[in-house]
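The values are calculated or read from the model by the stated rules, or taken from the named source; none is laboratory data. Predicted, not measured: the structure shown is a model, and the values here were computed from it. With ideal geometry, Cβ positions are generated from the backbone for all residues, glycine too; neighbour counts draw on all protein chains shown. For the accessible areas, the whole protein counts, side chains as well, though only heavy atoms, and no ligand, DNA or RNA atoms are used. Shrake-Rupley method; radii C 1.70, N 1.55, O 1.52, S 1.80 Å.
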Amino acid sequence: MDLRFTDAQPTAAEREAVESVIGPARVDSHQRVRTASNLRIFAKGMQSVADRRHLLLPALEAVQSEIGWVSEGALMHICRELSVPPAEAWGVATFYSLISVDPSPPVVLHVCDDIVCRRVGALELMEGLEANGQTPNTRWLPSPCLGQCDRAPAAYIQRAGEDDQVLVSIDPRTRPIGPDGSVVAANGQQESPAAPQAGQAHLRILRRVGTVNPRSLDSYLAAGGYRALEEAVEMGPAAVVAEVKASNLRGRGGAAFPAWIKWEAVANSPEPVRYLICNADESEPGTFKDRVLMEDDPFSVIEAMTISGYAIGARKGYLYIRGEYPLATRRLRSAIHQARDAGLLGESTRNGVSFDIDLRRGQGAYICGEETALMNSIEGLRGEPRNKPPFPTVSGLFGKPTVINNVETLCNVLDIVADGGSNFASVGTPQSTGPKLFCLSGSVRRPGTYEVEFGATLGDLIELAGGLPEGRRLRAILLGGAAGSFVLPDLLEMPLTFEAASEAGVSLGSGVIMAFDQHTDFGDILARIAAFFRDETCGQCVPCRVGTVRVEEALARIRRDPQPGDLELIEEIDLAMRDASICGLGHTAAIALRSALELGLLE
Amino acid sequence: MDDAEVVILWGSNARAAHPIFFHRIIRAVRRGATLFCVDPRRSESSEWADLWLGIDVGSDIALSNAVAREILANGLENREFIERATLHFGEYAQSVEEWTLERGEEVTGVPAAAIRSLAHTYAKADRAQLCWTLGITEHHNATDNVLALINLALLCGHVGRYGSGLVPLRGQNNVQGGGDMGAIPNKFPGFQDVESDEIRGRFEAAWKASVPPRKGLHLTQMFEAMEEGHLRGLYVIGENPAESEADVNRARGLLEGLDFIVAQDIFLTRTAQMADVVFPAAADWCEAEGTVTSSERRVQRVRPALRPPGEARTDSHIICSLATAMGHDWGLPAAEEVWDEMRSLSPMHGGMSYRRLEENGGLQWPCYDEDHPGELFLHSRLWADPPGGPLAPFTPVEWVPPVDRLTEDYPVRLTTGRHLDSYNTGVQSGSLKSPIRIGGTIDISPEDCSEWGVSEGEEVRVTSRRGSITVPARVDESLRPGLVFMSLHFPEEVDINQLTIEAWDPKSGTAEFKATAVRVEKMPAPVG
Amino acid sequence: MTQPETTETANTVSLTIDGSPVEVRPDATLLEACRQMGTEVPTLCYLETLTPVNVCRICVVEVERNRTLVPACSRIAEEGMVVKTDSERVRHSRKMILEFLGSSVDLSAAEDEVGEWMEQYQADPARYGPQSEPTAAGERGRRHPGHHGEVNGRTAEGVHQPTKVDNTLYVRDYSRCILCYKCVEACGIDAQGTYAIAVAGRGFDARISTEMDLPLGDGACVFCGNCIGVCPTGALMFRSEWELRRAELWDPDAQSVTRTVCSYCGVGCNLELHTQDNRIVKVTSPQDHDVTSGHLCIKGRFGYDYVQNLGDVDRSSIDEVLAAARRPAPE
């Protein structure tokens, strides 16, 4: 393509950062490396252009991470190397909130002000930062939910040239970072146990959390790791798919779609090139269960992906993890390397399986948790969801048949293979099989990730988390996350199954159970939810792009001075967003709000 | 074009010169077609190519012959087609025998592997298009260049079939139409021979007038006739030879020496300024009724959208008025009447009534009668059994280097071309306030710039054997050392044709604009 | 799940639209099916010559057994589908989409149908409150995705902003932009292959942008104007049209459109010359002409001044305005 670039050049450090992910400059890039040969012939073609596009986001990420922002020179360098039109690269870079295209100080603090954090000090913390947080070396920004609701309030630090870091359980009266960017209030990451049930004998998915060393393959092997893969290879791919079918495993990401339907479709596809994607872009406000699995049992994620890839005939898997999970990222990367070194991952493993994993980091975009937006993000496009059909099982990543499952969903595959699908199906209820993780947060004594069998009630879960603190009464629960709905204590007896939730007109979503007591300012919570969806919609389709703005405005009017018709207007907008939006974000953006208004939580 | 498997752009930077045609190439490439670009410059078009071959200026026949030999050496020629539909194959095969890949590389500068790749891919393709423009035809041996490409198409049978063919891209909106209508020295409308008594007889009968039985002179011959003193007067319609001729100083001198010049143009061109009489003409494409023919032989209607300014009149109005003044009252026929007369005499336009042109969005000739749909591509008869009409002859062609040799005094090859936003001598595009206009520059490779100590924007002196001009330099990465480039668009600022050579192709009359030997010199620093 | 491979591909697909049976070719979209039977479906981001992006959602229809409405422009017709194009749900979504656009974008120069649909679907953009103040020049172009400013609900936030006038040939008035992606597609993958513009930013701040929000002449733009050719709302406009509108001399009733052939190279592109007062005021190309598919190059679209840049000859009332359009951009 006859692309045009501006004359801006990268610094040596930017060049090096780019090279670290995409390799040395190539003769067929747009750098016009002039050699005796390419002054005479030049071979490029559209295919070689297309083949490198997927490196765009990793290259942007590398510059962001090393330098702290992406300059024009760095952007042009990436574009020349990857043959990406600069306007498109600009469109991609400006899509993600963790990428800055403006000069930035080396330390940027992203302070979560989302539903849970804002109720336990985040607002106070931000007030303090407003007074002294912006220095030549530091900047702070408010952030959507960081997936640390069990250890709120939390902040995520991007630090140029160094590892990112997450601060949790921050004391809001302190300054978390000094003027030079050094961490002042580094509360220990493990202050509260990630999984309060750790070590209990009945656990299935959380069995190894807190008991194995997440940094050690040996520890994982000693705890029975990789036996499921051995068994899977013994059974053969078709039998693995059959067991998953027998297990009736349904997706744990929110949509509750039967996993086997995707697996079978891809396994039977005539197309030889197929992909597996593990969706680890856990960004639904109030959700942190996958983080716990990835941080504390990373090898199980890798093993589960390997089995799934093997079963569906994929040789390549992508693990797409949200950028705000640096610890999980480091542990997974380490796990991938150890597994490769041990011959358990790669082109030909000691089990005869040919499967490798590419870990990709999101860069701050809730929408990339939507499966097709995630695929576009991997491909180096803007994270805009695709219209369906075609579904990913037909035309997914790079246009190939693709299975995409959530972390928790995949981790269940280990037990399904080891114990058999029918054993798995005997747990829970016929339509909601197996164990399930729930994320308890808000007004409970012991927030955290809890595992129960499907069928436990909402009240059971609140009990598991220690009930409400002294003097607090349960006013409402946000079930399923910001895309879920509010329910009142009268649903405490409801079993947490897909079918019971559906009957009650609610959704389990990603397993969020957020408790609110009598002192809650629901107006503030709802305003935050409305703002969240407005911030996080990709902006592609009209109903969602404008609808989320109009909902937020209508809510502001209701909070200030409710007028007749305001509620109906929100209902009308919600209906159009549900009916006409491209993806689930628009379909669910106003549900929590409507439920709260209908339940009278604002009164 | 959309369905071609292989597209070769040879001596054509269609991306800049034929942008909408290039959309088709992009479409084909997106569908998986392989694109080759043969061009001394790594042009905008070349950036889309699967393989760009940076040939030396004027070595096209060498490359073509080497490609042919490689095809033959590997038995990739289309034997069936050659045997059924062509003549003189043996002679041709013999003529290319010496053109090994090594020889090809030596003469063209293109690595043997690239020549081989083009040969094999083109020959093996089911559907392949070979397109060219002025990079092939603005040479002293233009016709031979074209024949060399035709030979390749015949060799592989890439002619006369859907998705395969030879595509000369016309530089102007009605070059094809001018030829169609007989605006060439030896033809009547419909490419009918002036010197054929039978054909001339038909025209004479229809026109009730006698037509000289000899063919006329083409432009280059006219200037020779001026030089020899036979030609003393000139009626110039819509041409600007005082600026567009190669070796323009010589051309201007000859024009000045004429007894009488009539110029008919929409502008007061430099030629018109030299004229004794000027007829202000309407702009045909937007102020007159008529037809034009595009590169794909598609005849389409033009219509008046504006009233011509002042006393300007349409060309037909002027010509008819002139006839009246000379004592022949032709009246002022409507464009459609003129057209209908023409198609009554030109069989290949016979079926193209205005009504049908309107309904079909244009028709491609030949279109013999009002039921004929026109032809999407030509020469399909060669695939008929037996091939209708005469067989297609191979024509062995010899490579001859450009006339203007590179020597120690003139060591640099200057070639010419178009920019996207400009057109020919700029009389039309000059008033377009283009935000991307480069202006008149000499484009130089980064290597030569540093070798000569020249930087971007610096005025340099460019000297050929015929003249010398100063012009700002522009660093251009599409060029290699020893090759410089200029556009023709800005004669008022940069009179490039003072440099170019009036060596012309005896068969077509085209001058060798594409290959001039020059030297480029840094200007002496101003004194004081 | 496996399908017998030997099944012959059916020549047609039968479905029901608004109660009437219709047969269409197998890869036809619902929009094509609707048009085939004369059922009108409004579209904004759809164009025959571009790949459907199905983002405006105005073409949604109801298909039985589908949870949500589906975009007619890109949904392929399936055997036995039962489609409703004018149900309560369909009408509601279309109305809301028109209100969303009307309350956030200046639609005053949009294609005439938009106003007709507003009436047909009883859209009332005013009910969201008065328009927010326009943003300062360049402000929207630098917005970072993530948290936005305070919202009070007293005004309906819109995309109003100063027009970008940065060259002699055309202006970009993104107050009128509905983000239909057509310009991006025409500039990039579907025709021109230049990729000078793309969608940047996210959410309500998503916008059409050059790299770094550069002025057009500093980026990759080659000024083919194919983006103008496909813009449905007048966000992209010939500088000449924009100047005439500003001077209140733009008069569609006094204009005529003449189809002719471009005077430049030999490709034979058809032009539609829009003339007013014996002056060309803009140039388009017919979408259905197979040489151009509606697309032109800089010379064909903008290179007509030489026939009307006439100095003192024949000066008409609009010449001064057109002359202003040839001057460099105002600061």
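Computed values, structure above
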item: Within a Gaussian network of chain C (alpha carbon springs, distance under 10 Å), most fluctuating of C:Ile280, C:Ile228, C:Ile58; result: C:Ile280
item: Average other protein chain Cβ within 10 Å of Cβ, residues C:67-77; result: 3
item: Lys, Arg +1 and Asp, Glu -1 on Cβ, resulting dipole of the protein assembly as shown about Cα centre, debye, nearest 20; result: 2060
item: Check: chain C dipole with +1 on Lys, Arg Cβ and -1 on Asp, Glu Cβ, in debye; result: 740
item: Listed residues C:Tyr128, C:Ile318, C:Ile17: farthest to the positive end of the dipole of chain C (Cβ charges); result: C:Tyr128
item: Any cysteine of chain A lacking a neighbouring Cys Cβ under 4.7 Å - listed by number; result: A:Cys79, A:Cys145, A:Cys149, A:Cys278, A:Cys368, A:Cys411, A:Cys439, A:Cys538, A:Cys541, A:Cys544, A:Cys583
item: Positive-pole candidate from B:His139, B:His18, B:Val107, dipole of region B:6-169, charges at beta carbon; result: B:His18
item: Proximal lysines to B:Lys433, defined as alpha-carbon separation beneath 20 angstrom and excluding residues fewer than eight positions away on the same chain; result: C:Lys164, C:Lys282, C:Lys299
item: Accessible area of region B:329-435 belonging to carbon and sulfur atoms, whole % at 1.4 Å probe; result: 55
item: Chain B: C-alpha gyration tensor shape, a/c 1.5 cut-off, then a/b vs b/c; result: oblate
item: DSSP-assigned coil residues among GluC sites (Glu not before Pro) in region B:377-454, each with at most 13 further Cβ atoms within 10 Å; result: B:Glu398, B:Glu408
item: Shielding score for B:426-432, defined as the mean number of other chain Cβ atoms within 10 Å; result: 6
item: Long-range HN-HN contacts of B:Gly290 with modeled amide H, under 5 Å; result: B:Val302
item: Helix-only mean residue ellipticity at 222 nm for the protein assembly as shown, each DSSP H run of n ≥ 4 adding -39500 (n - 2.57), per residue, nearest 500; result: -9000 deg cm²/dmol
item: Per residue accessible area in Å² of chain C, where ligands, DNA and RNA are left out and the probe is 1.4 Å; result: 40
item: Normalised contact order of region A:435-517, rounded percent, pairs of Cα under 8 Å and 6 or more residues apart; result: 37
item: Helix runs (DSSP H) in chain A reaching 18 Å along axis by Cα, Kyte-Doolittle at least 0.0; result: A:298-312, A:407-419, A:522-536, A:566-580
item: Area hidden from solvent between A and C (accessible, protein heavy atoms only, 1.4 Å, total, Å²); result: 5300
item: Mean-position separation - Cα centroids, region A:102-169 and region B:216-262, in angstrom; result: 80
item: Kyte-Doolittle mean at least -0.5, axial Cα span of 20 Å or more - DSSP H helices of chain B; result: B:142-156
item: Shape call, region B:1-78: gyration tensor on alpha carbons, a/c limit 1.5; result: oblate
item: Built amide H within the under 5 Å cut-off of C:Gln131, gap 5+; result: C:Ala156
item: Size of the B/C contact, given as accessible area buried on both chains, probe 1.4 Å, in Å²; result: 4100
item: Given charges at Cβ of Lys, Arg, Asp, Glu: the protein assembly as shown dipole, positive-most of A:Ala265, C:Val63, A:Asn279; result: A:Asn279
item: Probe 1.4 Å, accessible area per residue of region A:217-425, Å²; result: 29
item: Packing-based ranking, highest mean first, of B:125-138, B:196-209 given that Cβ atoms within 10 Å are counted; result: B:125-138, B:196-209
item: Ranked packing of A:400-406, B:283-289, most packed first, by mean Cβ within 10 Å; result: A:400-406, B:283-289
item: Average other protein chain Cβ within 10 Å of Cβ, residues B:306-315; result: 3
item: Alpha-carbon centroid distance for the pair region C:232-249 / region C:114-189, whole angstrom; result: 17
item: Region A:435-517 - charge dipole about Cα centre, Lys and Arg +1 at Cβ, Asp and Glu -1, debye rounded to 20; result: 360
item: Value of relative contact order over chain B, rounded to a whole percent, pairs C-alpha under 8 Å and six or more apart; result: 16
item: Long-range amide H partners of B:Val167 with built H, under 5 Å; result: B:Leu130, B:Cys131, B:Trp132
item: Sequence ranges C:247-259, C:133-145, ranked by mean other-Cβ count within 10 angstrom, highest first; result: C:133-145, C:247-259
item: Prolate/oblate/rounded call for the protein assembly as shown, Cα gyration tensor, a/c under 1.5 rounded; result: prolate
